[in-house]
1. Can you tell me the FRET efficiency between L224 and E453 if r is taken as the Cβ-Cβ distance and R0 is 56 Å, rounded to the nearest 0.05?
2. Tell me, what % of the accessible area of the stretch 486-579 is carbon and sulfur with a 1.4 angstrom probe?
3. Using Cα-only point scatterers and the Debye equation, what is log10 of I(q)/I(0) for the stretch 486-579 at each q in 0.19 Å⁻¹, rounded to two decimals?
4. Suppose all protein chains stay in the model; what accessible area per residue would a 1.4 Å probe give for the stretch 486-579, in Å²?
5. Place the peptides 300-306, 256-262, 331-337 in order of packing, highest mean first, counting for every residue the other Cβ atoms within 10 Å and averaging per peptide.
6. What is the extension gain from T461 to T178, computed as 0.36 nm multiplied by their sequence separation minus the C-alpha to C-alpha distance, in nm to one decimal?
7. Give me the one-decimal nm value for the distance between modelled label points at E498 and R558, 7 Å along each residue's Cα-to-Cβ direction.
8. When the convex hull of the Cα atoms of the stretch 335-477 is projected onto a plane and the area is averaged over all directions, what value comes out in nm²?
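The values are calculated or read from the model by the stated rules, or taken from the named source; none is laboratory data. The shown structure was predicted, so the numbers you read here are calculated from the model rather than taken from an experiment. So basically every Cβ, Gly included, is an ideal-geometry build from the backbone, and we count neighbours across all protein chains shown. When the accessible area is computed, the model is the full protein with side chains, heavy atoms only, and any ligands, DNA or RNA have been set aside. Shrake-Rupley method; radii C 1.70, N 1.55, O 1.52, S 1.80 Å.
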Amino acid sequence: MRWNECRTLDEVQRTCDSIVSRATGAPQTDRSRVAAAEPSGCRRKRSGRHRTDWRAHSVAAAQRPLLISSTPNSTLRCFKLGLGSVAHSIRQPEGDAAVREPGLGQLYFGMAAAENEVADNPDRFLATYQDRWSLMPAVEQHKRFLILGPKGTGKSAAAHYIRLAWVNRFGAESVFPTFVDFDELNRTQSPLASMDKHLVGDVTALTDAAWRLFIGVRLLDSLLRDQACYLNRDPQVSGLVEQLRVAGLASDDFPQVLRRVRERKGGFALPGNLLSGSAGSQQSDQVPVNQLGDALLRLVIDARTSNRHILAIDGLDKAIGDNPAYWQTLAALVRVADSLTRDLRSAGAEHVFVLVMCRSDVFRRVRFSDAAKISADGGVHMDWGAEAEDPADMRLWDYIADKAQTSKDELLAYLPRAVRVGVRQRVEIRGYLQQFTRYTPRDMTLLFTTLQEVRPEGHFTNSQVRRAVDNFSTRHLLTEIMSEATGLLPESMIDRFEAILSGLPQRIFSRSELEEALSDSGFTAQSDVDRFGEYAFLQGAIGNYRPGAGYVQFYHRRDAYKWQKQGPWIMNTGLVYAFNIPWTNTLDRRSNPSTPASGHGGVDSTTPARTPRKRTRRGRPS
């Protein structure tokens, strides 16, 4: 086949292999003789900045590139076949038939929300999920039920991964998932954060009883949909669930369930099989409302089916506010889920599983005697190695490469080795990109999606990388940070959120400077400073800054950090770009004299500051 007849990449590859074979006498599958026949003076040199591929020399000489790829994920290389006296000028096809230069546009980096990614392509989500924590055996053996980590680290994705892995193994008809997202329920039901001391009270047993009932009803509902479970054929059980709904005890509104548990007088008629464990019993007994949950959970544990039922509770992310009732409610949920998991493990149950997704800082504020033991024995901590000294050791690079189904080296091949910032500073590409994110998988996905949009084909220039991170900061990072404010900050403060941040005088700022920015927007109380500052810290907008050591503490990089109320603080690099905030201030210059005096030229202290410039043979900087 002639070159001008090629219409697909495979045809181009076969044609080029044939030309190479005729020119070198080597079989089409043997590329070794091609390397042996490379022109003199064009061989790859192994040191310094002289690592030059002979193919690149051929491009410059022939000025007519040829695009070749051996696999979909390989970097397409442009070169002119100039082997000895043989020179083949090959013309690329034009228009729709042209072979496009590869780039990030051909790769997939996931979506911001796991539920959207699952809905779009569940098989791809399952194939590209990176299970660093061995979730499957831990959940199946009822050893782990509590998924901990900052927002955006993949807690919700873990539940979807478990479900899809089971669907892949047992079939969709054998998996019954129930997802309870309180972020969604709070929009139509009573928010958990609205619970007060009067409702929760000082007696924790009633809150525990309400959670057992809440969980028991949902698991029983799931089992009633299962044709392989005998409960599906017991009219007394289905009738009981309907009575609970009528009584308001099966509502999705947990505060309402707790209120009914506290206020209902007398008992509730239960079929005898809930107490005796034998299906079909006609005898009914009066059971106090605060014991209903225990009876339902016992029935759930004793049920038998070959199918799998999973209840995942998510949306427990409201971490601001001094509302003891809210923290007592979450503590009760964790206690009940832990107790149920132990009972399932003791019974050897293989049909029912419970997962609770909770932000790390939220869980630390849930104080009860066994909290530390539950976290150690029953928790999975979503850690992505954000504290690694070398950006190359960040596990997020493995995550994004796995999503793209390529190697880290091939992914980085489209990007420059370092990005030039300021006047003379050059920052290694991985450290440069990471500093704009909150070190979460979600941010990495959005960042590389933005890079795709800026340049879908070919290799990036310095200015294109900088334009991409600027777009990411403005379109995604700021939106992500502000989207969580509903219910946590006053509406008036949310409306002025951008004005407050953009009113800060520089990247590193003091408490008095934050007070002034808030005052300019109409917020003068000290409580406003604390509320806004803690929210900005937990969302990764600002970090603690220690002037003496030049040390930075961002919550998403180590979720054990707590907001230091006295300040000073440092703004996330992405927001510095988004609002065009001046880079330096007197605190920064005094503690770190090497910081650039102007422009967005620095990097935070967790990122390697610069890449040394190499010298050419003439001794001049490159």
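1. 0.75
2. 44
3. Evaluating at q = 0.19 Å⁻¹ gives log10 I(q)/I(0) of -0.86.
4. 38
5. Put in order of decreasing packing, that is 331-337, 256-262, 300-306.
6. 97.2 nm
7. Using points 7 Å along Cα→Cβ, the separation is 3.5 nm.
8. So the Cα hull casts an average projection of 12.2 nm².
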